[in-house]
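Please read the structure below before turning to the comments.
Read-outs throughout are calculated quantities, based only on the coordinates presented, and are distinct from any laboratory measurement. Values in this document were obtained by computation on a predicted structure and should not be read as measured data.
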Amino acid sequence: MPFPAVQDYADLFLPLAKEGIPVICICITTKFSGSMQSALTARDMVLETFPGARITVKVDYLFHGLSSASGDAGRENFSFF
């Protein structure tokens, strides 16, 4: 399964921004996925329409540490949605 596209994240962030609900999006390391960049781009898109939206995008450093220790093993076992 490919990583989520920018529009996937925007579709999730937008209704929450409209309601004023804060969002914390935790992505796996950028080493395995473009999901972090997609989430950041979607956040910026939503902030253009809702500049007061609180959308935080972070890297899951626990996953990052585990994945660094195991190399790419098990990568195909992760689901993004």
Legend entry - Under Karplus coefficients 6.51, -1.76 and 1.60, residue-wise ³J(HN,Hα) of region 16-25 in Hz, glycine/proline x: 5, 4, 4, 8, x, 8, x, 10, 10, 10
Legend entry - Built amide H within the under 5 Å cut-off of residue 25, gap 5+: 56, 57, 58
Legend entry - 5 angstrom amide H check on residue 34, placed H, neighbours 5+ away: 3
Inset, instruction - Tabulate in residue order the Karplus-calculated ³J(HN,Hα) for region 3-15, using 6.51 cos²θ - 1.76 cosθ + 1.60 with θ = phi - 60°, rounded to whole Hz; enter x for Gly and Pro. - result: 5, x, 7, 3, 5, 4, 5, 4, 5, 7, 6, 4, x
